[in-house]
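The values are calculated or read from the model by the stated rules, or taken from the named source; none is laboratory data. Predicted model only: the values in this text are computed from it and were never measured. Here the Cβ positions follow ideal geometry from the backbone for every residue, glycine too, while neighbour counts run over all protein chains shown. These area figures cover heavy atoms from the full protein model, side chains too; ligands, DNA and RNA do not enter into them. Shrake-Rupley method; radii C 1.70, N 1.55, O 1.52, S 1.80 Å.
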Amino acid sequence: MAQSARDLYRQGRKAEERGELARAYLLYAAAAAVDPGNRGYWARSQALRTKAVLESSPVAASMDTSLTNLPDPEQDDADALLGNLTDLELKEARKLLPPPELRPALTRTDFDLKLDSKQLFEKVAAAYGLDVVFDGDFKPSPPIRFTLQNAGFREALRALEAASASFIVPISERLFLAVNDNPQKRAAVEPAVAAIIPIPEPVSIQEAQELARAVQQTMEIPKFVIDSQRRIVVMRDRVSKIQPAQALFHQMLAAPGQVSVEVEFLEVNKSSSLSYGLNLQRAFPLAAFGKLWNSKPSIPSGFKRFLTFGGGKTLFGIGITDPEIFASMSKFNSQTLLLSEIRSVDGQPASLHIGDKYPIITGGYYGDTSGTGQVYTPPPTFNFEDLGVEIKITPHVHGAAEVSLELEAEYKVLTGETLNAIPVISTRRFVSTVRLKAGEWAVVGGLLNSSEAKTITGLAGLSSIPILGPLVRQNTHDKTANEVLLVLKPKLLTLPPREVIATRSFWVGTDTRPIAPI
């Protein structure tokens with residue numbers, strides 16, 4: 001048995017040429033154990049691992065037991081490796097590492113070659129300071145004309161993958177594995193990864209489920225789980241699908257734009273009253289002061305002075321009053337302002353209720369309660385009805401300057417009437433859509449009431465004389481005006497994701513030949 005890693009590697013190559021893949025795999029693994037710094041030995045063993053497992057049987061009686069005499073590269077340093085790991089070191093050791101990525105020389109090269117695919121991979125890899133190993137089943141293609149000008153390593157390797165019907169898998173920063181492309185090799189060789197994505201707080205579990213279903217169907221990922229308790233999403237598949245799926249899901253999870261809507265109720269009540277003129281006597285009562293047929297005199301109320309005529313039993317009097325000149329004016333103004341704020345996100349409705357909850361009976365017992373003994377009367381059932389104003393606003397953000405508001409306003413009051421002992425509620429409903437600039441006010445609803453009354457009191461005929469009439473009559477002028485307005489002003493708190501996050505493009509290849517990251 002050879003004692004050096006180079007000899008073990010050479011024996012492994014000979015065993016591979018003879019078709020003894022299991023033995024070749026063990027020899028490569030032994031070489032990698034003797035010389036851990038040589039990544040090529042380990043890459044060769046990994047390239048044969050799948051076929052070696054398929055070729056081996058549970059009881060390998062024909063296996064060469066001479067491999068048990070291989071030197072243990074860790075034997076000399078056994079004492080140095082013994083020790084106790086701390087909790088922090090153990091936690092760090094358990095961390096999952098991302099798939100390796102190639103770090104080639106950042107140069108641009110021209111190619112004009114006509115070689116088979118295996119030789120082309122070796123030439124292209126060497127041009128960028130990389131090493132290549134080939135899968136045990138790799139079959140070189142016939143000579144290919146490969147011409148590129150001023151190509152970077154990504155462009156050259158992608159073009160070579162397409163030309164040779166193969167794909168590459170990074171093993172380390174300077175080493176990659178070349179494999180003939182077919183579904184079986186994709187499933188066996190391409191690395192599988194698991195990604196854990198936290199669900200941000202503004203996103204509900206229902207929204208996350210819809211987004212996850214869209215990503216899963218787009219990328220055809222079979223293992224996709226949403227943990228509603230921990231608010232995380234776990235996806236597992238080949239790295240060529242997981243990386244674009246993860247980026248797509250992150251973009252779709254971006255928090256929507258937040259909108260704050262200021263709602264103001266303005267109520268203005270105005271009333272005025274003006275009275276002026278000459279208050280003349282309009283009634284002339286006749287009173288009998290004599291004792292005609294032994295009758296008692298009757299004096300009209302409100303009159304203290306009388307103009308009398310006649311005498312004795314036929315004494316009569318006409319009541320008279322003093323005229324009055326008057327002028328009075330009154331004005332009344334009141335204003336009620338209710339200011340509130342509704343906060344929501346793009347596309348999500350928000351509600352505001354201003355008023356009271358009034359109990360409305362929905363069921364009760366109205367039968368006969370008379371009779372002997374105890375009569376059971378079930379308790380009534382009732383619901384609480386929202387009285388006052390109820391507003392529902394759904395904002396839609398248009399860029400960084402404009403917002404559309406879908407508005408539903410409902411106004412409920414008691415009419416004072418009842419039907420079967422149930423109060424009747426009057427309802428007014430307003431539905432509208434308004435588009436505003438951020439910070440711009442809009443009057444979306446209102447109620448205006450205005451009344452005016454003029455009253456003229458005076459002597460018939462005399463009160464209608466032009467110029468003189470208004471002076472010898474009583475004039476009253478009353479005005480009343482009520483205004484109720486509902487005004488809104490939207491304000492953007494955060495911009496929508498499309499305004500702050502640039503949309504990324506991913507070239508993922510076809511369904512049968514996805515592009516793995518390199």
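Quick notes on this one:
- Region 457-507: number of residues that are at pLDDT 80 or above and assigned to a loop (DSSP other than H, G, I, E, B): 1
- Among residues that are part of a strand (DSSP E or B) and either under 38 Å from the mean Cα position of the chain (by Cα) or at pLDDT below 80 (or both), L447 is included.
- Where a residue in region 96-117 is aliphatic (A, V, I, L, M) and its partner, wherever it lies, is in a strand (DSSP E or B) and open to solvent by 100 Å² or more (accessible area, probe 1.4 Å), with Cβ under 9 Å and at least six apart: L113/R145
- Among the residues of region 218-263, those that are more than 29 Å from I515 (Cα to Cα) and either among the charged types (D, E, K, R) or open to solvent by less than 10 Å² (accessible area, probe 1.4 Å) (or both) comprise D227, R230, R231, G257, V259, S260, V261, E262, V263.
- Qualifying residue in region 379-392 (condition: open to solvent by 90 Å² or more (accessible area, probe 1.4 Å), more than 38 Å from the chain's Cα centre (by Cα), without any contact (Cβ under 8 Å) to a residue 40 or more places away in the chain and more than 30 Å from Y276 (Cα to Cα)): yes
- Of all residues in region 123-154, those satisfying the criterion of being of a type outside the set (G, A, S), assigned to a helix (DSSP H, G or I) and modelled with pLDDT of 90 or more are K123, V124.
- Of residues in region 192-206 being over 12 Å from V233 (Cβ atoms) and open to solvent by 50 Å² or more (accessible area, probe 1.4 Å), the one nearest to the chain's Cα centre (by Cα): P202
- Of the residues making up region 107-148, those that are closer than 25 Å to Q184 by Cα, open to solvent by 30 Å² or more (accessible area, probe 1.4 Å) and touching a Gly at 6+ places or on another chain (Cβ under 9 Å) number 1.
- Screening region 155-183 for residues that are of a type in the set (G, A, S) and open to solvent by 20 Å² or more (accessible area, probe 1.4 Å) and picking the one that is modelled with the lowest pLDDT gives S172.
Matching residues to (1) hydroxyl-bearing (S, T, Y); (2) closer than 30 Å to Y365 by Cα; (3) open to solvent by 50 Å² or more (accessible area, probe 1.4 Å):
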| residue | (1), (2), (3) |
| --- | --- |
| V403 | no, no, no |
| I422 | no, yes, yes |
| S463 | yes, no, no |
| L485 | no, no, yes |
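- Condition check for A2: at pLDDT 80 or above and surrounded by fewer than 21 Cβ atoms within 10 Å (Cβ to Cβ): no
- A residue that is open to solvent by 40 Å² or more (accessible area, probe 1.4 Å) and aromatic (F, W, Y) can be found somewhere in region 268-276.
- Only a single criterion out of (1) at pLDDT 50 or above; (2) open to solvent by 30 Å² or more (accessible area, probe 1.4 Å) is not satisfied by E74, namely (1).
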